[in-house]
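The values are calculated or read from the model by the stated rules, or taken from the named source; none is laboratory data. Predicted, not measured: the structure shown is a model, and the values here were computed from it. Because the Cβ atoms are built from the backbone with ideal geometry, glycine has one as well, and the counts that use them run over all protein chains shown.
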Amino acid sequence: MSIEHARQLITAAKRPASFSGAGLSAESGISTFRDARQGLWAKYDPALLASPQGFAANPEMVIEWYALRRRTIAAAEPNAAHRALATLDWPHITQNVDDLLHRAGACNVLQLHGSIMLDRCHGNCGYEETIDPADPPALRNCPKCPSPMRPGVVWFGESLPMDAWHAAEQACTSCDVLLVIGTSAVVYPAAGLISVAKSGSAKVIIVNTTASDASDLADVELIGPAGELVPKLLAS
Ligand code: OAD
């Protein structure tokens, strides 16, 4: 299970795709969710901060927590893994809500859990706008209706954005290599896309600092930091 074997699979691939999680942005200084000590969910309760119920109970606290995350992301830079992926016109399916793949220059980014760079109406009017993450908005009402504005991310219990989901499902059904980077692969339905690719007979290459829930699906599992391994894997 060597990097050379993985490189050969990628070179031979006709329809490759990538699927990433928080580990892709870890070396840019953005915390992952499930690291036992540094992970966001080790310090903060997702039920309070990333659910419609938490927002209803304490909207100021939720908006302040997202303001903190938005400032961290605004101050971060794409790392070598983002930059290496961005040179490829693959579908880049990601669970990440940051904009680091975009800022690295990637074109075809499918954000399954939405974007922290957007605010949208929490009601049904459909209004959304781009925010400045370096100067994030406080709690405010939608300019078009009486509902509050909220970050354009998917919270626990909410549906995924249908356009991104359908495009990602299509990409995973038809890809011949899926490069999986920095995800614990425990959050569904996103994690199920790895099985979709595998059932469609794609080769699955995993890059992660540890084993994950997707390890059993790997044709090649490379253990190490994405910022080091992904550029090596994708170098021409
Ligand atoms: P997790 O925090 O669950 O997993 C991050 C993964 O990245 C772990 O498997 C780490 O071992 C790995 N990792 C950490 N640093 C790395 C590095 N430098 N290089 C490579 N791998 C590294 O994050 P996700 O799998 O993205 O959802 O979590 C999925 C979803 O759960 C998130 O999108 C978020 C969260 O709750 C929502 O907010 C809806």
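General observations
- Residues of the stretch 1-53 satisfying the condition of being at pLDDT 95 or above, within 17 Å of GLY224 (Cβ to Cβ) and aliphatic (A, V, I, L, M): ILE3, ALA6, ILE10, ALA22, LEU24, ALA26
- Residues of the stretch 46-78 satisfying the condition of being farther than 14 Å from MET117 by Cα and of a type in the set (D, E, K, R): GLU60, GLU64, GLU77
- LYS232 in a helix (DSSP H, G or I) and in contact with a strand residue (DSSP E or B) (Cβ under 7 Å, 6 or more places away or on another chain): no
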